[in-house]
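Participant: Take a look at the following structure, please.
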Amino acid sequence: MNADARSVTTAAGQNVDRRNRMAILDRETYKKMEYYLYNYHEIRREVQEHKEDIVNAGRREIDISGSGRSYHADTTAMKALKLVAPVMQKKEKWLEIIEKTLKQYDGTDKGKLLEKKYFDELGELHICDELYISRATYYNWREEILLYMTLLAVQNKLIQLNSITREEKTG
């Protein structure tokens, strides 16, 4: 391999040797992104069930008591408040991020890697064989997918930028 094939130019115009390249994201961020990918279908089911439970709940199930001047409760308003609970909103944002990530890589080999790894839960070597890619390509694609997802999470204020980089934690 010649020197030109080993180096890559970054957005800042620096030449970096690919063999010495460190991952951009720290381990915690990788784990967090992978947690949401591995559990996508479960989280989606949980959110849907929660919405259905609230919509179908009667007055007693919502656990509200009358308040205000007439002591009559507004069950519709109480249901709406439960539907926009912070925990559910956070889960729905994570679902949106995963769906945007899936859309970004839809119809590509990277999209196939994403589905095979996180939804079908196939192993690295099996995926490499199926997609006819090297392990290095596998890890580069995985890193790109997780970085894209992380940037969406930062954009949606689910994680903070200063908490995701290796440099911040080690430097």
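Participant: Would you say Glu92 is modelled with pLDDT of 50 or more, acidic (Asp, Glu) and farther than 15 Å from Leu158 by Cβ?
Facilitator: no
Participant: Also, I was wondering about something else. Are there any pairs, at least 6 apart or on different chains, whose C-beta atoms fall under 6 Å, with the first in the range 111-137 and more than 22 Å from Lys100 (Cα to Cα) and the second among the polar types (S, T, N, Q) and open to solvent by less than 20 Å² (accessible area, probe 1.4 Å), and if so, which?
Facilitator: Correct list of pairs: empty, since none qualify.
Participant: If I filter the range 39-62 down to residues being of a type in the set (Asp, Glu) and at pLDDT 50 or above, which single residue comes out as least open to solvent (accessible area, probe 1.4 Å)?
Facilitator: Glu46
The values are calculated or read from the model by the stated rules, or taken from the named source; none is laboratory data. All figures in this text were calculated on a predicted structure; none of them were measured in a lab. Counting neighbours? That spans all protein chains shown, and the Cβs are built from the backbone with ideal geometry, glycine included. Heads up: the accessible areas ignore ligands, DNA and RNA and are worked out on the full protein's heavy atoms, side chains in. Shrake-Rupley method; radii C 1.70, N 1.55, O 1.52, S 1.80 Å.
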